Each structure stands twice: as C-alpha cells, then as structure tokens.
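The values are calculated or read from the model by the stated rules, or taken from the named source; none is laboratory data. Computed from a predicted model, the values in this text were never measured in an experiment. Virtual Cβ from ideal backbone geometry, glycine too; neighbours counted across all protein chains shown. The area values use the complete protein model at the heavy-atom level, side chains included, leaving out ligands, DNA and RNA. Shrake-Rupley method; radii C 1.70, N 1.55, O 1.52, S 1.80 Å.
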Amino acid sequence: MSQEKNIKFYIASSFKNIDNVRYVNRKLQEKGFIQTYDWTINENVTSLEELQAIGRLEKEAILEADFVVVLLPAGKGSHIELGIALGTGKKIYLYSPNKEIDNIETTSTFYHLEEVEKYIGTVDGLLNFIFLESKVQFVNGSKF
C-alpha cells in the first residue's frame, strides 16, 4: 500500500532507543511516508555549534512534518520536540511499550492532551495503527 499524498513524519526518541527509531523510519518510508529529518546520523557530536545546527534541523523538520511520533523511552530533547509539535498543532503519536505513560507518578501532563494519540504495545502494532489511521484519513480526503 503506497500513499497517494506525500505525508511527512518526524520521529523523536532517545539514542538508547535508536534501533526502534530506525525500524519505524524504515517501515514508514516503505509505505510511502517521507521522513523530514533523521537525527540518528548524529552520533558523534563534539561541539556546541554542531548541537545548534542539529537543533535547527530538528526544529525545521518538526515544522515540516504532518505528524510526529514520540517513541518512549525518550530523552529531554524528545520532550522539547513534543512541545514544538504540540505548539504547532501537529498530530502526535506517543508510543510506549508498557503502561508507563498512564502511571500517575511518572507521566507527563502533556501526554494526555487531545492532540496526543497514545499507543501502548508493540512497535509493529504502532505502525499498523498509523497505517490504518492514515488510510481512514485519506478516504475522508485530508492528511490528518
């Protein structure tokens, strides 16, 4: 199934979750979605100037994306990316492999806003959820 429109996405997470990020990136691209920026290429950052340049690229990528996927566990940068996505009205998919996002002791208030679609389960389940939702939205004639 390939997309009829060029839906763009951005994935936020942490380096400790890099394998899942790369897997989701690849699977979304195989279905015709367009990745706005792949931050996983930045493994050996050694200067503040590099961080600034990467931050600019990530910010632009989020603004360009039609939707943002946040894969938990996520780091401090991911939560900033989540904030940018929320502030600009992006569709957000928040993935957790377990129910930690609903644990009142550790969750974030922002995880529970209407703009955030929570998914708990497997990464493949998340992908199927995104594919199904995007297909329904295409039937209705809009991106998201």
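As for the range 125-136, it holds at least one residue that is open to solvent by 70 Å² or more (accessible area, probe 1.4 Å), in contact (Cβ under 8 Å) with a residue 60 or more places away in the chain, not in a loop (DSSP other than H, G, I, E, B) and not polar (S, T, N, Q). In this structure, Leu94 does not satisfy being under 14 Å from the mean Cα position of the chain (by Cα), touching a residue at least 40 places away in the same chain (Cβ under 8 Å) and open to solvent by less than 30 Å² (accessible area, probe 1.4 Å). The criterion of being touching a residue at least 12 places away in the same chain (Cβ under 8 Å), farther than 14 Å from Phe9 by Cβ and not in a helix (DSSP H, G or I) does not hold for Tyr111.
Evaluation of Asn20 against the conditions (1) open to solvent by 60 Å² or more (accessible area, probe 1.4 Å); (2) under 16 Å from the mean Cα position of the chain (by Cα); (3) of a type outside the set (D, E, K, R) shows that the sole unmet condition is (1).
In the set Glu58, Glu30, Glu43, only one residue is at pLDDT 95 or above, open to solvent by 30 Å² or more (accessible area, probe 1.4 Å) and either farther than 24 Å from Ser108 by Cβ or under 16 Å from the mean Cα position of the chain (by Cα) (or both); that residue is Glu58.
Is it the case that Ser108 is under 24 Å from Ile7 (Cα atoms), open to solvent by less than 60 Å² (accessible area, probe 1.4 Å) and of a type in the set (Gly, Ala, Ser)? Judged against the criteria, Ser108 is not a match. Which one is modelled with the lowest pLDDT, of the residues in the range 85-144 that are closer than 17 Å to Phe67 by Cα and among the acidic types (Asp, Glu)? The qualifying residue modelled with the lowest pLDDT is Glu133.
With respect to the conditions (1) open to solvent by 40 Å² or more (accessible area, probe 1.4 Å); (2) on the phi < 0 side of the Ramachandran plot; (3) modelled with pLDDT under 95; (4) not polar (S, T, N, Q), Ala74 lacks only one, and its number is (1).
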